[in-house]
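I have placed the structure first, in the form of structure tokens, so that the comments after it can refer back to it.
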Amino acid sequence: LAGLSANGLVNGDQKSFSFSTDSFAGDVGFGVVETTDDAVIIDRLDELLPEIVAVKMEKGLSALFLAVVNIVELKGTLLMCGPTELSLAKAAF
């Protein structure tokens, strides 16, 4: 994973979902990076966040998340690129 580009990490395992509720309507992308060493991915935050924004815009998504999951320690880190993502994450988690 360390050798993958930021674009490869953001798009590698990503799905899009359409939602329509009283408080939100739009398409949400959710990508996942599973690893045994999440620090290697998290250390690339300065590279990943702009790529998340770029992919979000390219795909016309309302929101885009990238979850970095350490499969050994069974913990995850959710990367968000804006206020829409923050609001949705607070409502969901």
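The values are calculated or read from the model by the stated rules, or taken from the named source; none is laboratory data. Quantities reported herein were computed from a predicted structural model and do not represent experimental measurements. Heavy atoms of the whole protein, side chains included, go into the accessibility calculation; ligands, DNA and RNA do not. Shrake-Rupley method; radii C 1.70, N 1.55, O 1.52, S 1.80 Å.
Some notes on this structure:
- Cα shape, segment 37-85, gyration tensor, a/c 1.5 rule: prolate
- Segment 1-51 shape via C-alpha gyration tensor axes, a/c threshold 1.5: prolate
- Helix 45-59 vs. the chain, principal-axis angle (Cα, 0 to 90°, nearest 10): 40 degrees
- Each 5 Å bin, from zero up to the one with the longest distance, holds this percent of the alpha carbon pairs of the chain: 3, 14, 26, 25, 18, 10, 4, 1, 0.
- Per-residue SASA entry for LYS75, accessible area with 1.4 Å probe, Å² rounded to 10: 90 Å²
- Relative contact order of the chain, taken over Cα pairs closer than 8 Å and 6 or more residues apart, is 27 percent.
- Taking 0.36 nm per residue of separation and subtracting the current Cα-Cα distance, fully stretching the chain between VAL53 and THR21 would add 9.2 nm.
- Å² of accessible area per residue within segment 4-73, as computed with a 1.4 Å probe and no ligands counted: 55 Å²
- Against the chain, whose longest principal axis is taken from its Cα atoms, helix 83-92 shows a tilt of about 90°.
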